[in-house]
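Colleague: Mind looking over this structure? Questions follow.
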Amino acid sequence: MEMKIATRQCQDQEGNARRFHYFLTIDQEETPRFFCETYGVRIAEEDGAEQIFTGITTSAARIDELITLLVDNTVGPAGLEDVLADWL
């Protein structure tokens, strides 16, 4: 399951308008004793590339922190992997 969180528009270095859509992904993981939710993110550029990482964390507070960072800094699909590597 996924939920759209935000859309941001910016201009690239050539002055072209770019629009990014940010999504929270929610999956369930089964363990021998219980189910837990795992959270991830997907960034999709309108009419362009997308990048998705699922199962990043089980903490709602941590995924909120990450998505806020991505949206506030208008991170596109190409930059998601680098930001995620630094954030973890």
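Where a number appears in this text, it was derived from the coordinates with a stated rule and is not lab data. In this text, all values refer to a predicted model and were calculated from it rather than measured experimentally. As a convention, Cβ positions derive from the backbone with ideal geometry for all residues, glycine included, and neighbour counts pool all protein chains shown.
Colleague: What's the angle, to the nearest 10 degrees (0 to 90), between helix 60-72's Cα axis and the longest principal axis of the chain?
Modeller: Around 0 degrees separate the two axes.
Colleague: Summing -39500 (n - 2.57) over the DSSP H runs of n ≥ 4 in the chain and dividing by its residue number, what mean residue ellipticity at 222 nm do you reach, to the nearest 500 deg cm²/dmol?
Modeller: That comes out to -8500 deg cm²/dmol.
Colleague: May I ask for the angle, rounded to the nearest 10°, between helix 77-87 and the longest principal axis of the chain, with both axes built from Cα atoms and the value confined to 0 to 90°?
Modeller: 50
Colleague: In addition: Which shape class applies to the chain: rounded if a/c is under 1.5, otherwise prolate when a/b exceeds b/c and oblate if not, where a ≥ b ≥ c are the square roots of the Cα gyration tensor eigenvalues?
Modeller: Prolate, since a/c reaches 1.5 and a/b exceeds b/c.
Colleague: Check which residues have an amide H placed less than 5 Å from VAL75's amide H, if you skip close sequence neighbours.
Modeller: Under 5 Å from the amide H of VAL75: no residue qualifies.
Colleague: Mind checking which of ILE67, ILE43, ILE56 has the largest fluctuation in a GNM of the chain, springs on alpha carbons under 10 Å?
Modeller: ILE56
Colleague: Right, another one. Starting from the range 19-51, pick out the chymotrypsin sites (Phe, Trp or Tyr not before Pro) whose DSSP state is loop and whose Cβ has at most 16 other Cβ atoms within 10 Å.
Modeller: Details: sites: PHE20, TYR22, PHE23, PHE34, PHE35, TYR39; in loops: PHE34.
When the chymotrypsin sites (Phe, Trp or Tyr not before Pro) of the range 19-51 are filtered for loop state and at most 16 Cβ neighbours within 10 Å, PHE34 remain.
Colleague: For ILE5, enumerate residues with amide H under 5 Å from its amide H, sequence gap 5+ or separate chain, H modeled in the peptide plane.
Modeller: TYR22, PHE23, LEU24
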